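Taken together, the values in this text are just the output of simple stated rules run on the coordinates, not laboratory data. Predicted model, so just to flag it, every value in this text is computed and none were measured. Virtual Cβ from ideal backbone geometry, glycine too; neighbours counted across all protein chains shown.
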Amino acid sequence: MSKSSSPTKLALLVCGSLTGSLKDTYGDYTAVFGEFLQRALPKDVKFILDPYDVVFKMEYPPEDKIDTYEGIIYTGSAASAYEDVEWINKLVSYTAHIAKDKPNVKLIGICFGHQIIGRALGAECVPNNGKWEVGPTTLDLTELGKELFGVETLNIQQMHRDHVPTLPPNVQLLASTPVSYNQGMVRFTANPESAQRKLNDVQIFTLQGHPEFVEGLVTGLVEVRAKSGIIDAETAADSERRKGWRNDGVPVIGKAIWGILGVTA
């Protein structure tokens, strides 16, 4: 059950967008995340998802309202988190502020959001030598990852060729793949070595992959990017081969995200 009878309030920092037929089918990122969170949500629990356009409007939750949110979620983006542009620099600065000054507000970063949070905490985001990770991918979970997710193995949809190759200070690794070492990380609000670590003790949670993406959306993105030459034919074919793999986004990762936010079955 929820920590209170009132709806769980979440801010969504919208860092990118879907276009064309994909947007027609799946909606914008607010719709995609809303659907993901709803599908993973325990019964009889309500939530409010407030979107903020950090790219074009550079808007954020008002300072006097930040504490009304249980968490702030960062979407993916076609942009690179290392770009020296105004909106990305502002996003990194804002993230560092919340991580330092608002420990009661959970930060949840997905793909580009994972990379932005990595930068804000002191790590680098860099191109991964042209190496793409696309489609459902099996993660090698750390012991901590197995503990928090409650599973031995985890599959997640991927769509990236930038990564955060190292861990920032005071965070712990959740998972790796042969292509990208840092597939997810957490920072705890209390002693990270405590034997009593629980999901709700997590202050910062990030994943390089996309738990919110479903197969059709990823397949559509691959088709569009392969046609434009952004994704090479071999990578596209390999993604097509794996598209029917199990997707743990909703039943495992979504459940864990709600646990971090203090909402359980």
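Key figures for this structure:
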read-out	value
Most mobile of Met159, Met58, Met185 in a GNM of the chain (Cα contacts under 10 Å)	Met58
Three-way shape label, the chain, alpha-carbon gyration tensor, a/c 1.5	rounded
Hz values of 3J(HN,Hα) by residue in the stretch 12-24 - Karplus curve (6.51, -1.76, 1.60), Gly and Pro given as x	10, 8, 8, 9, x, 7, 8, 9, x, 5, 5, 5, 4
Cα long-axis angle, helix 29-40 against the chain (0 to 90 degrees, to the nearest 10)	70
Long-range HN-HN contacts of Gln203 with modeled amide H, under 5 Å	Arg187, Phe188, Thr189
Beta bridge orientation in the stretch 8-260: antiparallel %, DSSP, nearest 5	50
Euclidean distance of C-alpha centroids, the stretch 52-79 and the stretch 112-144, integer Å	21
Label-zone membership for the stretch 224-265, site Arg39, 7 angstrom Cα→C-beta point, backbone N under 14 Å	244-255
Environment charge of Leu141, counting only residues whose C-beta is closer than 12 Å and scoring Lys/Arg +1, Asp/Glu -1	-4
Nonlocal amide H pairs with Gly209, under 5 Å, H built at 1.01 Å	Cys111
Relative contact order %, the chain, counting alpha carbon pairs below 8 Å whose residues are six or more apart	21
Separation in nanometres of the label points that stand 7 Å from Cα toward Cβ, at Thr189 and Lys100	2.1
Note, ³J(HN,Hα) from phi for the stretch 143-150, Karplus 6.51, -1.76, 1.60, rounded to Hz, x at Gly and Pro	4, 5, x, 4, 5, 6, 7, x
